[in-house]
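Asker: Can you read through this structure? Questions will come right after.
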Amino acid sequence: MGFRMSGQGLYKPPKHRDLAAVVTFESVSGARKAASKLKKMFRSALRQGRLKRALTIKKATQYAANRALATARNHPSLKPKTRARLRKIAKIYDSAEEWMKKQYEKAKENKASKKRRKAKRKRRRKR
């Protein structure tokens with residue numbers, strides 16, 4: 001058996017309201033500000049060692065890019081100018097997510113190497 005889809009696709013109520021409040025599709029400049037704020041939240045989460053929270057922010061950013069692109073592609077009554085704006089917004093969120101992805105991988109790697117060093121020290125003490 002598998003899981004059932006809710007049938008709402010990309011447009012379901014937000015799980016993380018604080019992130020949903022930041023994300024905007026109104027304008028390109030608004031999207032830039034939102035992406036910048038998401039990056040700031042992401043850096044803060046990494047600094048505090050909250051990798052799960054950082055991953056949630058990264059996923060929310062990618063989700064925003066996907067929503068903007070899906071709306072631009074699939075909405076039948078949008079003007080070409082609006083479609084172009086949504087594509088730019090998707091690109092902004094996508095580039096922010098790419099940056100977050102690299103930073104997340106580095107942080108994850110650092111955490112794993114710290115764990116290995118700690119385990120190694122522990123083994124040395126037992127001898």
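Asker: Looking only at segment 1-32, count how many residues are at pLDDT 80 or above and either in contact with a Pro (Cβ under 8 Å, 6 or more places away or on another chain) or part of a loop (DSSP other than H, G, I, E, B) (or both).
Answerer: 10
Yes or no, residue by residue, for (1) surrounded by 15 or more Cβ atoms within 10 Å (Cβ to Cβ); (2) within 22 Å of residue 33 (Cβ to Cβ); (3) at pLDDT below 90:
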position: 85; (1), (2), (3): yes, yes, no
position: 98; (1), (2), (3): no, yes, no
position: 110; (1), (2), (3): no, no, yes
position: 114; (1), (2), (3): no, no, yes
position: 119; (1), (2), (3): no, no, yes
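Asker: Count, please, the residues in segment 64-80 that happen to be outside any loop (DSSP other than H, G, I, E, B) and either surrounded by fewer than 18 Cβ atoms within 10 Å (Cβ to Cβ) or charged (D, E, K, R) (or both).
Answerer: 6
Asker: Here's a check for you: in segment 33-49, which residue that is over 14 Å from the mean Cα position of the chain (by Cα) and not small (Gly, Ala, Ser) is modelled with the highest pLDDT?
Answerer: 33
Asker: Turning to a different aspect of this structure: Here are some residues: 33, 102, 108. Which one is of a type outside the set (S, T, N, Q) and touching a residue at least 24 places away in the same chain (Cβ under 8 Å)?
Answerer: 108
Asker: Right, here's the next one. Report, by residue number, each residue of segment 36-55 that is of a type in the set (D, E, K, R) and either in contact (Cβ under 8 Å) with a residue 40 or more places away in the chain or part of a helix (DSSP H, G or I) (or both).
Answerer: Those that are of a type in the set (D, E, K, R) and either in contact (Cβ under 8 Å) with a residue 40 or more places away in the chain or part of a helix (DSSP H, G or I) (or both): 37, 39, 40, 43, 47, 52, 53.
The values are calculated or read from the model by the stated rules, or taken from the named source; none is laboratory data. Not measured: the values here are computed from a predicted model. Don't worry about glycine lacking a Cβ; one is built from the backbone with ideal geometry, like all the others, and counts go over all protein chains shown.
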